[in-house]
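Before any comments, here is the structure.
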Amino acid sequence: MARLGLKSKKGLLLYGPPGCSKTLAAKAVATEADLNFIAVKGAELLSMYVGESERAVREIFRKARSASPSIIFFDEIDALGSSRGTEHGGLNVLTTLLNELDGIEDLKGVFVLAATNNPSILDPALIRPGRLTTLLYVGLPDFEARAEILQLQLRPVDVEPSIDINELADITDGYSGAEIVDLCQSAGYAALDIGIETGVKQSITLQRMREAIANTPKGITSEQIRRYEEWNSNRR
Ligand SMILES: Nc1ncnc2c1ncn2[C@@H]1O[C@H](COP(=O)(O)OP(=O)(O)OP(=O)(O)O)[C@@H](O)[C@H]1O
Ligand SMILES: [Mg+2]
């Protein structure tokens, strides 16, 4: 890399619809990787007193440098990275963040991970070369991912033995991971209610999952997904 004058890419932005595991993925990185993990939410930084937020941003980078190898995770960075949200001194925080990010390519062992479900309000300066240069779309779970989420939710609980995870994965197409977790909860509560009513223990059944699906509209529309694609193709 040095021979070709290349700098390593240190900044990654995860973007995509709500409830599709951006935060979960970042936490998984923290657990899996042998790196120090410093996590902070955009809104937390903004809620501080005037001047405190900028100091906090600098402090985060200072900590990351002294604890390297390390990852800084800015979750819901849109709160902080939006150039319009200036009413809480957001612009100063953004400027501080941009300054700190400018140094990361030359820093050994410090990586920055950020996440947003609303990339269109991000200040474009955040994704300029040298800053958050790698963008990764985290979309709705595919069949395999849905089957895994359902497995995780249903394996440890009382489900009817004949329940077919693949069939459930089929009929939950279009729901986010968080919504699928919710569907399992709804089906569980339905079983609990009937159990109390009848005095006979009930389990989670295919029928109850179907009812939960019928009662739960999908939160993410194809129009929303199209807007993420549009943002991605127009961003530079
Ligand atoms: N792939 C997955 N595997 C297991 N659970 C998942 C998965 N995706 C989502 N979930 C469930 O949904 C919850 C919400 O996911 P998460 O908080 O990571 O979403 P997010 O993409 O950060 O959403 P937001 O944009 O609203 O912050 C998780 O805590 C988990 O319970
Ligand atoms: Mg999140």
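The values are calculated or read from the model by the stated rules, or taken from the named source; none is laboratory data. The structure presented is a predicted model; accordingly, all values stated were derived computationally and were not measured. Every residue, glycine as well, gets a Cβ built from its backbone with ideal geometry; the counts of neighbours run over all protein chains shown. Heads up: the accessible areas ignore ligands, DNA and RNA and are worked out on the full protein's heavy atoms, side chains in. Shrake-Rupley method; radii C 1.70, N 1.55, O 1.52, S 1.80 Å.
Do you know which residues across the range 86-108 are closer than 13 Å to Ser53 by Cα, surrounded by 17 or more Cβ atoms within 10 Å (Cβ to Cβ) and modelled with pLDDT of 85 or more? Passing the criteria: Val93, Leu94, Thr96, Leu97.
Quick one: which of Leu192, Leu206, Leu150, Leu183 is farther than 21 Å from Thr23 by Cβ, surrounded by 15 or more Cβ atoms within 10 Å (Cβ to Cβ) and away from ligand 2 (no atom under 16 Å from the Cβ)? Break it down stepwise before answering.
Numbers: Leu192 fails: surrounded by 15 or more Cβ atoms within 10 Å (Cβ to Cβ); Leu150 fails: farther than 21 Å from Thr23 by Cβ; Leu183 fails: farther than 21 Å from Thr23 by Cβ.
After applying the criteria, what remains is Leu206.
Scanning the range 30-60 for residues that are under 15 Å from the mean Cα position of the chain (by Cα) and not small (Gly, Ala, Ser) returns Val40, Lys41.
In the range 136-152, how many residues are under 18 Å from the mean Cα position of the chain (by Cα) and free of Cβ contacts under 8 Å to residues at least 12 places away in the same chain?
Qualifying residue count, the range 136-152: 2.
I'm trying to understand the selection: among the residues of the range 109-134, which are within 16 Å of ligand 2 (Cβ to nearest atom) and surrounded by fewer than 21 Cβ atoms within 10 Å (Cβ to Cβ)? Selection gives Asn117, Asn118, Ile121.
For the condition open to solvent by 90 Å² or more (accessible area, probe 1.4 Å), within 15 Å of ligand 2 (Cβ to nearest atom) and under 13 Å from the mean Cα position of the chain (by Cα), Lys27 qualifies. Is there a residue in the range 57-71 that is of a type outside the set (Val, Ile, Thr), at positive phi, in a loop (DSSP other than H, G, I, E, B) and more than 16 Å from ligand 2 (Cβ to nearest atom)? Scanning the range 57-71, I find no residue that is of a type outside the set (Val, Ile, Thr), at positive phi, in a loop (DSSP other than H, G, I, E, B) and more than 16 Å from ligand 2 (Cβ to nearest atom), so the answer is no.
Can you name every residue in the range 127-166 that is more than 14 Å from ligand 1 (Cβ to nearest atom), of a type in the set (Ser, Thr, Tyr) and touching a strand residue (DSSP E or B) at 6+ places or on another chain (Cβ under 9 Å)?
Thr133, Thr134
Scanning the range 30-48 for residues that are assigned to a strand (DSSP E or B), within 18 Å of Thr96 (Cα to Cα) and within 16 Å of ligand 2 (Cβ to nearest atom) yields a count of 3.
For every residue, the table says whether it meets (1) open to solvent by less than 40 Å² (accessible area, probe 1.4 Å); (2) within 16 Å of ligand 1 (Cβ to nearest atom).
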{"site": "Tyr15", "(1), (2)": "yes, yes"}
{"site": "Lys22", "(1), (2)": "yes, yes"}
{"site": "Phe37", "(1), (2)": "no, yes"}
{"site": "Glu54", "(1), (2)": "yes, no"}
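Here the condition is being under 19 Å from the mean Cα position of the chain (by Cα), at pLDDT 95 or above and not assigned by TED's automatic domain parsing to the domain that holds Asp173; of Thr133, Thr116, it holds for Thr116 alone. Which of the residues that make up the range 2-13 are away from ligand 2 (no atom under 16 Å from the Cβ) and either outside any loop (DSSP other than H, G, I, E, B) or open to solvent by 80 Å² or more (accessible area, probe 1.4 Å) (or both)? Passing the criteria: Ala2, Arg3, Leu4, Leu6, Lys7, Lys9, Gly11.
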